[in-house]
2 protein chains.
Amino acid sequence: MTTEDQTGYHAGIDVGGTKTMFCITGGDGRILLLEQRNTTAHEAPEPFMAWLFSELEQLLAGLQLTLQQLKGIGIGFPGVIGDTEGILTQAPALPWPEEDIRPVIRRHYKGRLHLDNDVNLALLGECWKGAAQGKEHVLMITVGTGIGGAMLLNGRLYKGASFAVGEAGYMVVDAGYARSRFPVSAAAFGPLEAVASGSGITALARVWLAGPAARQDSRLLELAGGIAEAVDARHVLQAAAEGDPAAREIIEQPLEHLAAAIASAAVLLNPQLVVLGGGVAASGEYYVHEIRNRVNRYLPFPVAIGPAKLGNRAGAVGAAAAAAAILW
Amino acid sequence: MTTEDQTGYHAGIDVGGTKTMFCITGGDGRILLLEQRNTTAHEAPEPFMAWLFSELEQLLAGLQLTLQQLKGIGIGFPGVIGDTEGILTQAPALPWPEEDIRPVIRRHYKGRLHLDNDVNLALLGECWKGAAQGKEHVLMITVGTGIGGAMLLNGRLYKGASFAVGEAGYMVVDAGYARSRFPVSAAAFGPLEAVASGSGITALARVWLAGPAARQDSRLLELAGGIAEAVDARHVLQAAAEGDPAAREIIEQPLEHLAAAIASAAVLLNPQLVVLGGGVAASGEYYVHEIRNRVNRYLPFPVAIGPAKLGNRAGAVGAAAAAAAILW
């Protein structure tokens, strides 16, 4: 944890395929603004950055600030990106050419810049203002459309050999599957997230609804307004929390797979805390409670597991923290 | 990687339940001596350290050196130990009381002392003089009686929140097993090492030999002198390398489980290199080749996997490196 340059205004931006979150912080580390915008013009870096900085300038103007007054900007992307290379890869939501995007950003802003993966920055946000304040060894696992991960080790983000750390969606908790299925490299999802992500839970629910066990009076169908094609992971989680047997059956494998992955990560990394983030983990106490119990059934010693606190604001807050070099 | 205090003589000691390896290095980092002794008097720290330092002094005397001339000593133990606490735990081979052993060591030696887990020090040894020279991000997995792990991240050993990092034997690659079996906490082995360690392979071989598929003319039995009770992991690995179908069938699950665990660790940690150490991994090119192929079948991007080079000398060499603060 460094303390240099905490003075002055900073911006943190969490870029998503559909929504982008902006955070502006003051010199005392106070959050002055947190606002979300629909992401537009994302087919290439140039128009995207023109849009991004135009939005940022408007938001700054509302605080009587200008871009030039910012001491640093942190930007998180849904993919692999290095602070020293600036080439975004493995970002299906932003399929840009493989080139350094920093010169494009520099046309708009000359101050300190920190580019990072969105999950890394979400972890920083949770460490600064959320569930992991004061911790030095934290594993974050995000369960949403896919599954991601990030880790704070000895008080700093760990980036790996090529900034590709924390690709938890590709963890293997079902040894042997690779012998009987398509190679992983051909799949859009990794083997863990194919089952345990929100997308995986939704897919499992639809298989169940099309199968012989499905009933017209199921709570799942009711939650989705009676339309089988509309059932998704949120309905499964809500029905499971209410005790619905069908939802409990559908959620069993996703829970067990994620618990196995977290147990594996915890014995490898020996964290003080595992933070569960992302939309699925935010569905309520039932999910976190189930994961906590199942992980600790696998482990020889208990590990602390808790929900993220900042929700979809964590990435932008962490990006501002990284820009201010408060934590990274 | 630090470079302070590389001058002078240092000793590295790798303590095992049955064998203890001693390494003495000179001021230029050259290894002056590497010798193994049978471990004796290990029921409590006091007699153990009296034995250890008596052996060390004899070895030093052969080089015309004394304990007082050593600038530092590193000692590795088969369990969890912290350099700042000095309490050895999770060490079935050395079931000492849970108390700080540093005062006991201090009766024999006053200079710089570095205590660590044996796998951590084996990794340092491989980084200094073995398979991982010049690497900054290395995962080591040792497959022997059990399964252990260690990691060099950003050029330094990562210790975790409570020095319990790298307990790879407890990784879970068979999600759901905990619902149908005894709790892990009741088992001496973790779920991965119960299948994939040398002990696991031996147990699987004995089950096969007692089963209906066993044949009197099997290569496995031949390698064990015709005695089913004498068959162990080494015979399975040798027969599998020779193409024996029974051995290939027995080794299938251990290979697949270890590959799944390494794949999971690699996507989490994004290492430059995975070093495979321990007796099973040292059995020959067949094993490492199979693990490498299977890991890369699971992964969306390739990871480099290679065998350790220093064998059972790595821990003592790494302990000397830690004592000299060359790497740790």
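Only the coordinates and a few stated rules stand behind these numbers; no lab work does. From a predicted model like this one, the values you see are computed outputs, not experimental measurements. Positions of Cβ are generated from backbone atoms using ideal geometry, with glycine treated the same way; all protein chains shown enter the neighbour counts.
Every pair of different Cα atoms in region A:1-111 enters the Kirkwood calculation, which places the hydrodynamic radius at 14.5 Å. For B:Glu99, the label point sits 7 Å beyond Cα toward Cβ; its separations from the matching points on the remaining copies run 7.0 nm, from shortest to longest. Electrostatic bookkeeping for A:Ala265 treats Lys and Arg as +1 and Asp and Glu as -1; over the other residues with beta carbon under 12 Å from its beta carbon, the sum is -2. Packing, as the average of other Cβ atoms within 10 Å across residues, places the peptides A:118-124, A:273-279, B:246-252 in the order A:118-124, A:273-279, B:246-252, highest first.
Gyration tensor analysis over the Cα atoms of region A:138-308 returns equivalent ellipsoid semi-axes of 29, 18, 14 Å (largest first, whole Å).
Near B:Lys309: Cβ cut-off under 13 Å, other residues only, Lys/Arg at +1 and Asp/Glu at -1. The net charge is +2. Remark: region B:148-161, residue by residue, has Karplus-estimated 3J(HN,Hα) of x, x, 7, 9, 9, 10, 6, x, 10, 4, 9, 9, x, 6 Hz, where x stands for each Gly or Pro and the curve is 6.51 cos²θ - 1.76 cosθ + 1.60 at θ = phi - 60°. Our note on the geometry: Cα centres of region A:99-151 and region B:1-76, 45 Å apart. When each full DSSP H helix of chain A is screened for a Cα extent of at least 18 Å along its own axis and an average Kyte-Doolittle hydropathy of at least -0.5, the helices passing are A:45-62, A:245-269. For region A:48-121, which GluC sites (Glu not before Pro) pass both filters: DSSP loop (anything but H, G, I, E, B) and at most 13 other C-beta atoms within 10 Å? The qualifying sites are A:Glu98, A:Glu99. Each peptide in B:144-151, B:199-206, B:283-290 receives the mean, over its residues, of other Cβ atoms within 10 Å, and ordering these scores from highest gives B:144-151, B:199-206, B:283-290. Listed by chain and number, the aspartates and glutamates whose C-alpha is less than 19 Å from the C-alpha of B:Lys129, apart from same-chain residues fewer than 8 away, are B:Glu4, B:Asp5, B:Asp14, B:Asp28, B:Glu35, B:Asp116, B:Asp118.
List the trypsin sites (Lys or Arg not before Pro) in region A:63-118 that DSSP assigns to loop (not H, G, I, E or B) and whose Cβ has at most 10 other Cβ atoms within 10 Å. Which are they? All intermediate terms of the calculation are to be shown ahead of the outcome.
Details: sites: A:Lys71, A:Arg106, A:Arg107, A:Lys110, A:Arg112; in loops: A:Arg107, A:Lys110.
Listed in order of number, the matching sites are A:Lys110.
Counting partner chain Cβ atoms within 10 Å of every residue's Cβ in A:269-281, what's the average?
2
Take each residue in B:153-160, count the other chain C-beta atoms within 10 Å of its C-beta, and the mean is 5. With the highest mean first, a sort of the peptides B:256-265, B:131-140, A:315-324 on other beta-carbon atoms found within 10 angstrom per residue produces A:315-324, B:256-265, B:131-140.
Each copy carries B:Pro245; placing its label point 7 Å along the C-beta direction from Cα gives inter-copy distances of 4.6 nm, listed from smallest up. The mean sequence separation of alpha-carbon pairs under 8 Å and at least six residues apart, normalised by the residue count of region A:138-308, gives a relative contact order of 25 percent.
Each copy carries a label point for A:Glu285 at 7 Å from Cα toward Cβ; from one copy, the others' points are 6.0 nm away, ordered from shortest. Across the alpha-carbon atoms of the protein assembly as shown, the computed radius of gyration and Dmax are 26.8, 87 angstrom. Residues whose amide H comes within less than 5 Å of that of B:Val231, counting only those at least five positions distant or on another chain, are absent (H built at 1.01 Å from N in the peptide plane).
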